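K.L.:
Structure below; questions to follow.
The values are calculated or read from the model by the stated rules, or taken from the named source; none is laboratory data. Just so it is clear, the model here is predicted, and its values are computed rather than measured. Every residue, glycine among them, receives a Cβ derived from its backbone with ideal geometry; neighbour counts consider all protein chains shown.
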Amino acid sequence: MSTPLHAPDLAAPASQPWSADQDETLRCVQIRKETVDVKTFILAAKGPRSFRYLPGQFITLELQINGRSVNRCYTLSSTPTRPDLVSITVKRVPGGVVSNWLHEHLRVGMDLGAMGPSGDFSCFKAPAQRYLFLSGGSGVTPLMSMTRALHDLGSDADIVFVHCAQPCRCAVPGRAEPDGAQHDTTAAGHRV
Ligand SMILES: Cc1cc2nc3c(=O)[nH]c(=O)nc-3n(C[C@H](O)[C@H](O)[C@H](O)COP(=O)(O)OP(=O)(O)OC[C@H]3O[C@@H](n4cnc5c(N)ncnc54)[C@H](O)[C@@H]3O)c2cc1C
């Protein structure tokens, strides 16, 4: 059965800013398997919303799992330059409550409670002409967002992106490259 298209009202007036104090219901509209233990969950607002946040910021999921409330932070791996949807990219943690629940139980069409974006870790707070992005494992997600945003904005910043991952599980940084970044004349990404 095909999934109904998520169709936001693209002509609607801009919505209120998305705030860290604000509870929001997000609907899962797509799930991508990135590696054996990493999935990206694409999330949409239920009502009209244009998501505004700094690349590198995180949201806090508020879940009920086995009758208990649990909160976990996940960085937005999406870019605010594409504001109709957000995504989180979650690595399974052995024995972990939330990461495994998301991998095993979250399905397209399900809703999640979340608090809006927080955090100061963003290169957009300290603009520069050259960036050295260093990450390991699931720590790649804020840098994915920053790289995608710089690319979408036509930045000519020179970015060196060094990522460490377990052998054979390293598909995440490949996905992190903005579409066409290797061939593009704007934001320059180097594979090291
Ligand atoms: C700002 C921020 C951004 C983040 N962004 C991302 C992201 O983009 N992607 C991502 O994948 N993760 C991210 N994380 C990590 C994420 O928030 C979770 O910590 C992670 O998914 C693990 O949560 P969990 O519920 O699966 O594991 P938990 O249930 O919290 O368990 C973690 C580990 O502790 C062990 N454990 C739990 N309880 C006990 C106990 N009583 N005794 C001994 N061991 C125990 C578990 O077995 C497991 O190995 C981020 C964290 C922060 C703070």
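K.L.:
Which residue out of A12, A20, A45 is away from the ligand (no atom under 11 Å from the Cβ), in contact with an Asp or Glu (Cβ under 7 Å, 6 or more places away or on another chain) and touching a residue at least 12 places away in the same chain (Cβ under 8 Å)?
P.N.:
The conditions single out A45.
K.L.:
Further, regarding this structure: Regarding V86, is this residue closer than 29 Å to H151 by Cα, at pLDDT 95 or above, of a type in the set (V, I, T) and in contact with a strand residue (DSSP E or B) (Cβ under 6 Å, 6 or more places away or on another chain)?
P.N.:
Spelling it out, V86 is indeed closer than 29 Å to H151 by Cα, at pLDDT 95 or above, of a type in the set (V, I, T) and in contact with a strand residue (DSSP E or B) (Cβ under 6 Å, 6 or more places away or on another chain).
To keep it simple, each residue is scored yes or no on (1) crowded, with 19+ Cβ neighbours inside 10 Å; (2) farther than 14 Å from F58 by Cα.
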position: V108; (1), (2): no, yes
position: L112; (1), (2): no, yes
position: S122; (1), (2): no, no
position: L143; (1), (2): yes, no
position: R148; (1), (2): yes, yes
position: D152; (1), (2): no, yes
position: V162; (1), (2): no, yes
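K.L.:
Look through S138, S78 and report the one residue that is surrounded by 13 or more Cβ atoms within 10 Å (Cβ to Cβ), touching a residue at least 60 places away in the same chain (Cβ under 8 Å), within 12 Å of the ligand (Cβ to nearest atom) and assigned to a loop (DSSP other than H, G, I, E, B). If you could, list the steps in order and put the result at the bottom.
P.N.:
On the way: S138 fails: assigned to a loop (DSSP other than H, G, I, E, B).
Of S138, S78, the one residue that is surrounded by 13 or more Cβ atoms within 10 Å (Cβ to Cβ), touching a residue at least 60 places away in the same chain (Cβ under 8 Å), within 12 Å of the ligand (Cβ to nearest atom) and assigned to a loop (DSSP other than H, G, I, E, B) is S78.
K.L.:
Could you say which residue among V98, V93 is assigned to a helix (DSSP H, G or I) and within 16 Å of the ligand (Cβ to nearest atom)? I'd like the intermediate steps shown before the answer.
P.N.:
Numbers: V93 fails: assigned to a helix (DSSP H, G or I).
Result: V98 is the single residue among V98, V93 that is assigned to a helix (DSSP H, G or I) and within 16 Å of the ligand (Cβ to nearest atom).
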